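This report refers to the structure that appears directly beneath it.
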Amino acid sequence: MGERNMTSGISQITKQVYSRLEQKGYRGKIVPIQHLADLKEEFEHHRKQGVFDEALYQEYLAGFEFGIPEHFPDAKSLVITSAPQPQQKVNFNFKGRPYHLTVPPTYSHKTDEIVENILSDILKPKGFNLFPAVLPVKLLAVHSGLSKYGKNNITYIEGMGSFYRLKAFLSDLPAAEDNWFGLQMMEQCNKCSACANKCPPGAIIPHRFLIQAEKCLTFHNERPDEFPDWIELCWHNCLIGCMYCQLACPVNKRFFRWFEEGQESFTEKETELILKGTSPNQFPQATVEKLKRVCLFDQLDVMPRNLDVLIEQGSS
Ligand code: SF4
Ligand code: SF4
């Protein structure tokens with residue numbers, strides 16, 4: 001194929017990828033693989049400047065894979081996608097009382113497979129490959145132009161608010177264009193501090209993209225250590241993560257009450273097993289399936305503690 005034909009072929013495939021994602025209500029961007037190095041450099045820079053708490057770095061950031069994997073030396077692009085996602089309500093029963101607890105958007109990975117299938121169905125027949133990538137997806141989404149940061153360090157997409165899940169891939173499809181934007185904050189943030197005012201631990205710093213993540217409830221309730229003493233019982237508001245800043249944000253207004261249909265309920269017996277920290281292979285199969293349906297099976301290391309504080313707090 002001549003170079004011009006090749007370029008136009010790649011453009012067509014890229015358009016097809018974007019349009020198939022949009023048909024499903026999703027979005028995507030494809031950027032050249034060279035930007036892997038930019039992502040890495042940015043992280044190193046933040047680390048050197050002491051922006052990351054060391055525990056936070058080790059917990060989340062050290063696990064990113066910024067190199068081209070040995071099994072995929074021909075990778076030529078990074079694909080970043082977004083799929084709309086509601087909050088989930090998950091019900092627990094304990095000592096005769098129901099607890100209806102929230103799981104924020106992004107924790108369900110059900111859309112990952114759908115996205116991967118959409119992309120593979122287009123790319124594979126044309127001889128291109130695709131592999132999931134372990135990357136800082138919010139940063140990639142903002143640089144690619146897919147999202148913009150909010151002051152709360154959560155990213156937003158027009159028409160989706162912050163209610164979506166990002167997923168990154170590596171592909172050997174060359175990028176049709178090289179769009180790589182600087183970090184952008186939503187225009188709406190210029191005259192708004194609603195999230196900062198609502199954040200219980202004061203983790204949001206005005207005029208900075210990065211919050212003080214080591215103060216953020218999400219950082220603490222996603223890791224299995226004991227909660228620090230300074231976290232007040234009344235601050236906990238989700239089974240995992242935290243919704244205060246997203247629910248304070250005017251950009252999310254139309255999504256405030258968006259919950260996944262069909263709530264999963266855990267019986268008194270199942271709730272007790274979770275609270276006791278039962279090992280994953282000791283749960284009855286039906287409970288395992290329930291946990292998997294709400295994408296909480298992989299969160300069993302933090303569930304007993306998180307559920308316990310919400311029960312103690314009397315959450316409903
Ligand atoms: S997730 Fe919660 S704790 Fe973290 S910045 Fe937002 S409001 Fe603050
Ligand atoms: S609440 Fe206001 S400042 Fe915070 S992310 Fe939303 S628009 Fe920006």
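Just so it is clear, none of the values below were taken in a lab; they were calculated from the coordinates. Quick caveat: nothing in here was measured; it's all calculated off a predicted structure. With ideal geometry, Cβ positions are generated from the backbone for all residues, glycine too; neighbour counts draw on all protein chains shown.
With each pseudo-label sitting 7 Å past Cα toward Cβ, what's the Glu312-Lys48 distance in nm, one decimal?
4.3
Quick one, can you get me the convex hull of the C-alpha atoms of segment 220-316 expressed as volume per residue in Å³?
Details: hull volume 11.6 nm³, N = 97.
Normalising the Cα hull of segment 220-316 by residue number yields 120 Å³.
Rg and Dmax in Å for segment 41-178, alpha carbons only: what are they?
17.9, 59
Extension gain Asp112-Phe256, at 0.36 nm per residue separation less the Cα-Cα distance, in nm? Intermediate values should be presented prior to the final figure.
Values: separation 144, 0.36 × 144 = 51.84 nm, distance 2.31 nm.
This chain segment gains 49.5 nm when fully extended.
Kindly point out, ordered by number, any Cys in the chain whose beta-carbon has no other cysteine beta-carbon under 4.7 Å away.
Cys with no partner Cβ under 4.7 Å: Cys189, Cys192, Cys199, Cys216, Cys234, Cys238, Cys242, Cys249, Cys295.
Loop-only trypsin sites (Lys or Arg not before Pro) in segment 150-212, please: DSSP not H, G, I, E or B, and at most 14 other Cβ atoms within 10 Å. Please list the in-between numbers first.
Values: sites: Lys151, Arg165, Lys167, Lys191, Lys198, Arg208; in loops: Lys151, Arg208.
When the trypsin sites (Lys or Arg not before Pro) of segment 150-212 are filtered for loop state and at most 14 Cβ neighbours within 10 Å, Arg208 remain.
Under a crude label model (7 Å from the Cα following the beta-carbon direction), how far is Gln34 from Thr267 in nanometres?
6.1
Of the GluC sites (Glu not before Pro) in segment 87-183, which ones lie in a loop per DSSP and count no more than 14 other C-beta atoms within 10 Å? Spell out each step's value before the answer.
Details: sites: Glu113, Glu116, Glu158, Glu177; in loops: Glu158, Glu177.
Answer in residue order: Glu158, Glu177.
Hey, what's the Kirkwood Rh for the chain if you take every pair of different alpha carbons, in angstrom? If you can, show how the numbers build up before the last one.
Details: mean 1/r = 0.0475 Å⁻¹.
Every distinct Cα pair counted, the radius reaches 21.1 Å.
Rounded to the nearest 20 Debye, what is the dipole magnitude of the chain about its Cα centre when Lys and Arg each give +1 and Asp and Glu each give -1 at the C-beta?
Numbers: 35 positive and 38 negative charges, 230 e Å.
Charge dipole of the chain: 1100 debye, to the nearest 20.
Take the residue pairs Lys29/Lys110; Lys76/Lys198; Lys148/Lys290; Lys151/Lys269 and return only those whose Cα atoms are more than 31 Å apart. Could you put the intermediate results ahead of the total?
On the way: Lys29/Lys110 20 Å; Lys76/Lys198 42 Å; Lys148/Lys290 34 Å; Lys151/Lys269 42 Å.
Check vs 31 Å cut-off fails for Lys76/Lys198; Lys148/Lys290; Lys151/Lys269.
Quick check: pseudo-label points 7 Å beyond the Cα along Cα→Cβ at Leu275 and Phe131, how many nm apart are they?
Reported label-point gap for Leu275 and Phe131 is 4.5 nm.
Under 16 Å from a label point 7 Å along Cα→Cβ of Glu65: give me every residue in segment 109-135 with its amide N that close.
Answer for this model: 129-135.
Please state the equivalent ellipsoid semi-axes for segment 116-224: what are the square roots of 5 times the Cα gyration tensor eigenvalues, largest first, in whole Å?
32, 17, 11
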